[in-house]
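Visitor: The following block contains the structure, expressed as structure tokens.
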Amino acid sequence: MTSKERVKRAMDLGEPDRVPLMCQLSIGHMLQQTGFSPAEFWFSADLFAEGLLQLRETYGFDGILISLHGHSPSWKEETEKIQTEEKAEVVYWKNGERTDCLYDGLPRHHPHDPPSPPGIQEFDPVALPEEIGFIPVSQGLEFRIHPEHKYDVFDIINQRAGEEYSIHGEVTSPFDYFLNLFGLQRGMVYLIQEPSKAKEILQRYADGVKRMALEQIEHGIDALKISSPYAGAGFISPGFYREFVLPYEGQIARAVRSCGVHAYTHTCGAISDRLEMMIETGISGIECLDPPPLGNVRLAEAKKRLEGKVFIKGNIDPVNVLLFGSREVVEKDAEYRIKVAKPGGGFILSTACSVAPHTKRENIQVLARVIEEEGYY
């Protein structure tokens, strides 16, 4: 089987020739392993694609996740200068703003006038554009999507690897966009104070995210990841999940599935109390399934609860096993995950969450070797 066929068979809940392998890599890890210019890597579609392709080969992954898109081909024309410093390449923009592109992590952007979050009472949901123009990456960092080059990186990856490897797109949950708009603390409070207004805003974002998801399908993805890191028990209750997350992610998942493309949810942390509710969104898979101590999902139990309903993508601890563990620790852990989740198919071996920036290359390469020894059906 090709890697593309292998991943599809697993996502179809079947048994491929062997367990597929596909991990999500942090930006910091990709930079550490490629040695690329962090500014070029962040802002250039060509270099970002090159990094994804190189590391897929390095680690023997069966698929590629495209987490950023919409790179501007003329970004350098907007810069005043790029200065190399000890911990970062610092991009000085002609508009007076600055971006510190770290060598081992996400950039830190310093706007001229940091925007103040609006209050929900006076906010008009109709003010949100129908077409979403950015990706809320993390902690206020936004990746701007160039309107005329939204999916260049998908076309590059598909041309070079789409025939053989599984290509996955990514969108962000409407709930994340809501929290990005108001801030984490205020956003959570608004769910209690103004639930009706919150739902209007969530619906507006859901419409925009669904549009983005369907456009990615037009550019050849085999599956779509819905990134929803704030939907776990560490942030919201099962009741709030059902009210403020499930309906909106469900619209996206069902739209994607209606096109014959798989959709899976990525939620970090403790989700054992909502696994069945997550399935109600219409997704075909769940990613992360963070094990203790990062989360509370025990693989054997999750396998019993999810088998025949959705595929599992996970759940190696990326911190205590991959980052801090020895090669022997990684090997034993991967053997255990395969032993528990391989029977019956529907399993993709992966880290629970992203591979940390300073994880040793050799520790990740162990995974492909274990699959060759233990992963065949």
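Visitor: Exceeding 18 Å between C-alpha atoms, which entries from my cross-link table qualify? They are Lys4/Lys332; Lys309/Lys332; Lys309/Lys342; Lys225/Lys313.
Guide: Beyond 18 Å between Cα atoms: Lys4/Lys332; Lys309/Lys332.
Visitor: Right, another one. Specify the inter-centroid distance of region 15-80 and region 280-353, based on alpha-carbon positions, in whole Å.
Guide: 23 Å
Visitor: Please list, in chain and number order, the residues 5+ apart from His110 or on another chain whose amide H is under 5 Å from its amide H, with Hs placed from the backbone.
Guide: Placed amide hydrogens put Arg98, Thr99, Asp100 under 5 Å from His110.
Visitor: Normalised by the number of residues in region 307-377, what is the relative contact order in percent for Cα pairs under 8 Å and 6+ residues apart?
Guide: 46 percent
Visitor: Could you work out the local net charge near Leu246, counting Lys and Arg as +1, Asp and Glu as -1, over the other residues with Cβ closer than 14 Å to its Cβ?
Guide: My count for the surroundings of Leu246 gives -1.
Visitor: Then there is this: Per-residue counts of other Cβ atoms within 10 Å, averaged by peptide: what ranking do you get for 197-203, 54-60, highest first?
Guide: 197-203, 54-60
Visitor: How much net charge surrounds Ser116 when only the other residues with a Cβ under 15 Å from the Cβ of Ser116 are counted, with Lys and Arg +1 and Asp and Glu -1?
Guide: -1
Visitor: Can you tell me how region 1-149 classifies by the Cα gyration tensor, rounded, prolate or oblate, using a/c under 1.5 as the rounded cut?
Guide: Since a/c reaches 1.5 but b/c is at least a/b, the shape of region 1-149 is classed as oblate.
Visitor: So what is the 222 nm mean residue ellipticity for the chain from helices alone, if each DSSP H run of at least 4 adds -39500 (n - 2.57) and you divide by all residues, rounding to the nearest 500 deg cm²/dmol?
Guide: Theoretical 222 nm ellipticity from helices: -12000 deg cm²/dmol.
Visitor: Run the numbers on region 131-210 and let me know its relative contact order in percent, using alpha-carbon pairs under 8 Å that are six or more apart.
Guide: Reported as a whole number, the value is 32 percent.
Visitor: In terms of modelled amide H atoms, which long-range or inter-chain residues lie less than 5 Å from the amide H of Leu25?
Guide: Val355
Laboratory data are not the source of any read-out in this text; all were calculated from the coordinates shown. Please read these numbers as outputs of a predicted model, since none were measured by experiment. For neighbour counting, all protein chains shown are included, and Cβ atoms are generated from backbone atoms with ideal geometry for every residue, glycine included.
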